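A short write-up of the structure that comes next.
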Amino acid sequence: GSSYAGQKQMLPLKWVANTPAITADQQTLIYGSSNGDAVWFNPAIGYNTNRYHIGTTVRVQPTLASGVRNKSGLEREVVITSSSDGTVIALDLTQIAKLWSMKLTSPVETKIAYGTRSNILDDEDYSRTSVFIAGTDQYVRAVDLHTGKQRWNYLTSITLNDSPVFINDKVYQRIPTLGLASYNAFPRKLSGEQLWLAHDVFGNVITTTKSGQLVCWDSDHSLLQIVDPRKGGVVTTLTIPNAKDVLADNISNGSLCVLTNDNVLLRLVPRH
């Protein structure tokens, strides 16, 4: 027999993937493992190329964020991940070195978001990107991408288990049993600034229409709602009875796909 017969490529169990992977570039997938590591995996060779220990267990898909880091316009790519012991950590993608970390009193159970301010203030051109974290400690938080310094945090009245959504300098957050909230993503105060709370919007924002209205999907009631971003008013409601999930291919003016309960994928095309 061949000398390779006994050398099947097996991944060590301690690095088994516990979250969906994100694609960093052609050569790299990054995922969280059940023993608390962020793992860099090269699918071409079938091996882990790097790993970084975060905490107890990583259950939430990592986020790949990027932002300008200095006046010359150099971009930095950052992997942000969280573990079930309440640790949130940001790692430089290429150096796999820690930029910052924080320890929250309870874990973040949903994917972390980020966004960059559209207008540039003279002295702040390289601190324009924030990371947005929705916690089981009931807070929506914003911190600086590069330093982890707190920008603002807003206390809601219930555990948050949906990701924040950043669109056009606003953060949208589904607050269970209460509705959809809109926040100024870059307010001037540490306590945050809630712009509105729409009690009749039950889903989370998945994309926008061509004219910038919010498209919200509520899986509990199989409802698609079109919402005015200025005041949170419901413009249109569409029931999709057989839908298991509705997905958008882009956060802005995205095409919608419906995954039905019998696992058929349908594409929704808006009327012009």
### Task
Sort SER163, SER157 from largest to smallest accessible area, using a 1.4 Å probe on the heavy atoms of the protein chains.
SER157, SER163
### Query
Can you give me the relative contact order of the stretch 23-177 as a percent, contacts being Cα pairs under 8 Å and 6 or more apart?
15
### Message
Keeping all protein chains in the complex and leaving out DNA, RNA and ligands, what accessible area do you get for GLU193 with a 1.4 Å probe, in Å² to the nearest 10?
### Response
60
### Message
Leaving ligands and nucleic acids out of the surface, order VAL264, VAL165 by accessible area at 1.4 Å, largest first.
### Response
VAL264, VAL165
### Sequence of LYS189, LYS231 from largest to smallest accessible area, 1.4 Å probe
LYS231, LYS189
### Per residue convex hull volume, Cα atoms of the chain, in Å³
167
### Task
Between ASP200 and LYS149, take the C-beta separation as r, use R0 = 35 Å, and let me know the FRET efficiency to the nearest 0.05.
0.45
### Summary
Taking Rh as the Kirkwood radius computed over alpha-carbon pairs of the stretch 33-121 and applying Stokes-Einstein at 20 °C with viscosity 1.002 mPa s, one gets a diffusion coefficient in µm² s⁻¹ of 152
### Query
CYS216: accessible area at probe 1.4 Å, nearest 10 Å²?
0
### Message
If I take every Cα pair under 8 Å that is 6 or more residues apart in the stretch 191-272, average their sequence separation and divide by the length, what percent do I get for the relative contact order?
### Response
21
#### Entry: Per-residue SASA entry for VAL78, accessible area with 1.4 Å probe, Å² rounded to 10
0
### Summary
Contact order relative to length for the chain, counting C-alpha pairs under 8 Å separated by 6 or more residues, stands in percent at 8
### Query
Say the cut-off is 18 Å between C-alpha atoms; which of LYS98/LYS149; LYS189/LYS231; LYS149/LYS189; LYS111/LYS189 go over it?
LYS189/LYS231; LYS111/LYS189
### Query
Hey, any idea what % of the chain's accessible area is carbon plus sulfur with a 1.4 Å probe?
51
### Summary
For the chain, the per residue accessible area (1.4 Å probe, Å²) is 52
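The values are calculated or read from the model by the stated rules, or taken from the named source; none is laboratory data. In this text, all values refer to a predicted model and were calculated from it rather than measured experimentally. Positions of Cβ are generated from backbone atoms using ideal geometry, with glycine treated the same way; all protein chains shown enter the neighbour counts. Each accessible area value is taken on the protein alone, full model and side chains, heavy atoms only, with ligands, DNA and RNA left out. Shrake-Rupley method; radii C 1.70, N 1.55, O 1.52, S 1.80 Å.
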